[in-house]
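The structure under discussion appears below in the form of C-alpha cells.
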Amino acid sequence: MRAAGNEFEQRACIELERAGLTLLARNYTTRHGELDLVMRDGDTVVFIEVRYRKSASHGDAATSVTTSKQGKLILAAQHWLAAHPQHARGACRFDVVSYDGPAEAVRREWLRGAFEAE
C-alpha cells in the first residue's frame with residue numbers, strides 16, 4: 001500500500017506544480033506524524049495531505065482525513081514552521097488531494113482549505 005501512496009503523492013506533487021505551487025518539502029516526519037507535501041502557493045504555505053482509496057466501501061479518500069488526523073497534521077505543521085522560521089509569519093492552509101477509484105479510472109479532488117488550525 002505504501003507504494004501506491006508514494007505513487008499518488010508524486011502524482012499530486014506534479015499536478016500541483018503544474019497549477020503553480022512550489023514544493024518546499026516532501027514526507028516531512030515528526031513524532032506527531034508526517035506531512036506528505038509542503039508547498040508554497042504565492043505567499044501561502046500549504047500543507048497537503050494526499051489520500052487514495054481504491055474502493056469507497058469505507059468512505060471516500062477525502063473523508064478519511066478525520067478530526068484526529070487533522071490534529072496530527074496541525075501539530076506536524078507547527079513543527080515544520082518552527083524549523084523553518086522564514087515561513088512562520090505568513091499565511092498557511094491545509095489542503096487535501098484525494099484520489100478515488102481504481103488506478104485506471106481514478107478521480108482526483110483538490111480541497112483547498114480543507115480544514116483549519118484552531
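Compute the relative contact order of the chain as a whole-number percentage, counting only Cα pairs closer than 8 Å that sit 6 or more residues apart in sequence.
On the way: 191 pairs, mean separation 28.0, N = 118.
Contact order relative to length: 24 percent.
Taking amide H atoms as placed 1.01 Å from N in the peptide plane, list the residues 5 or more away in sequence, or in a different chain, whose amide H sits under 5 Å from that of Ala61.
Residues meeting the amide H criterion: Arg53.
Using alpha carbons only, how many degrees (0 to 90, rounded to 10) separate the axis of helix 67-83 from the longest principal axis of the chain?
The angle comes out at about 40 degrees.
For mean projected area of the Cα convex hull in nm², the choices are [x] 7.2; [y] 6.6; [z] 8.2; which was calculated from the structure?
Here mean projected area of the Cα convex hull in nm² agrees with entry [x].
Coordinate-derived values only; no laboratory data. Bear in mind the structure is a predicted one, so any value in this text is a computation, not a measurement.
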